[in-house]
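Colleague: This is the structure, below, for whatever I ask next.
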Amino acid sequence: MSDSSNEVGGGFFSKLAAELFGSPLNLALLGICGFLIYKIISSRRTSEPSAAKEPELPPLKKQDFTLEQLREYDGKGKEGRILIAVNGKVFDVTKGKRFYGPGGPYGLFSGRDASRALATFSLSEDSLRDEYDDLSDLNSMQMESVREWEMQFTEKYVYIGKLLKPGEQPADYTDTEDEGSDERRQADKKSN
Ligand code: HEM
């Protein structure tokens, strides 16, 4: 009796192990997950003690960015500021630098439009385009996923402006400056 129940349990676990370790693709995915968890845990350990000492950067004024302008904010500049675009919106994610800073698990997104990578759950450089990406080939599930990521970023980070399409002119936000920075301060407070 007990032998057969052991067999059932053993059978399940050995099947699971065979499934996980038997295919090179599953092994690679397991490896990537393990690596990301390791990176997130180790960045948490190293960034926490210094976080209190580091002064927060002054908020950026509301403005729109071309892809090229966005790339200057990859966390490697003097200020260390990091911007990321998601679904046409540019966010200041500097406070999430343990994720997006140099060496962080999602460092490849810094200064880039991360929409395609987030939509396709990919950490490959191929999903970060050098040209403007209109995402028109993504399916409805992937577009839904981009919108969910956009909501998540809106809740957590400060919205700075739009990602400009080729030839699109930046908006003039001088009149709305006070209102805009007020809103952004509130969003920042809420997410802190
Ligand atoms: C496959 C294994 C993966 C694991 C185990 C994993 C794990 C995690 C964990 C634990 C967090 C939350 C960290 C925290 O709040 O302290 C996180 C956040 C995040 N992950 Fe992953 N992740 C994986 C894959 C991916 C992929 C493929 C992408 C993108 C294509 C991605 C993008 C993100 C982003 C953008 C955040 C949010 C960071 C923020 O709050 O700004 N992850 N991940």
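The values are calculated or read from the model by the stated rules, or taken from the named source; none is laboratory data. Computed from a predicted structure; not experimentally measured. Virtual Cβ from ideal backbone geometry, glycine too; neighbours counted across all protein chains shown.
Colleague: Having 2 or more residues that are at pLDDT below 90 and closer than 28 Å to residue 155 by Cβ is the bar; report the helices (runs of 4 or more DSSP H) wholly within region 1-110 that clear it.
Modeller: 24-51
Colleague: Same structure again: Take residue 123 and tell me if it is assigned to a loop (DSSP other than H, G, I, E, B) and surrounded by 10 or more Cβ atoms within 10 Å (Cβ to Cβ).
Modeller: Here the answer is yes, as residue 123 does meet what is asked.
Colleague: Could we say that residue 106 is closer than 19 Å to residue 40 by Cβ, touching a Phe, Trp or Tyr at 6+ places or on another chain (Cβ under 9 Å) and without any contact (Cβ under 8 Å) to a residue 24 or more places away in the chain here?
Modeller: For residue 106, the condition - closer than 19 Å to residue 40 by Cβ, touching a Phe, Trp or Tyr at 6+ places or on another chain (Cβ under 9 Å) and without any contact (Cβ under 8 Å) to a residue 24 or more places away in the chain - is met.
Colleague: Does residue 174 meet the test of being out of contact with any Ser or Thr (no Cβ under 9 Å at 6 or more places or on another chain) and among the β-branched types (Val, Ile, Thr)?
Modeller: yes
Colleague: Name the residue that is nearest to the ligand (Cβ to nearest atom), counting only residues in region 126-161 that are in a helix (DSSP H, G or I) and of a type in the set (D, E, K, R).
Modeller: Per the criteria, the residue is 156.
Colleague: Among the numbered criteria (1) modelled with pLDDT of 95 or more; (2) within 11 Å of the ligand (Cβ to nearest atom), which single criterion is violated by residue 191?
Modeller: (1)
Colleague: When you scan region 134-141, do you find a residue that is modelled with pLDDT of 95 or more, within 14 Å of the chain's Cα centre (by Cα) and either in the same structural domain as residue 35 (by the TED database) or of a type outside the set (A, V, I, L, M) (or both), even just one?
Modeller: Looking for residues that are modelled with pLDDT of 95 or more, within 14 Å of the chain's Cα centre (by Cα) and either in the same structural domain as residue 35 (by the TED database) or of a type outside the set (A, V, I, L, M) (or both), one finds none in region 134-141, hence no.
Colleague: Restricting attention to region 74-87, which residues are crowded, with 18+ Cβ neighbours inside 10 Å and of a type outside the set (Asp, Glu)?
Modeller: 75, 81, 82, 83, 84, 85, 86, 87
Each row is one residue, and each column tells you yes or no for (1) near the ligand (Cβ under 9 Å from one of its atoms); (2) in contact (Cβ under 8 Å) with a residue 24 or more places away in the chain; (3) among the polar types (S, T, N, Q).
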| residue | (1), (2), (3) |
| --- | --- |
| 33 | yes, no, no |
| 55 | no, no, no |
| 68 | no, no, no |
| 74 | no, yes, no |
| 79 | no, no, no |
| 119 | yes, yes, no |
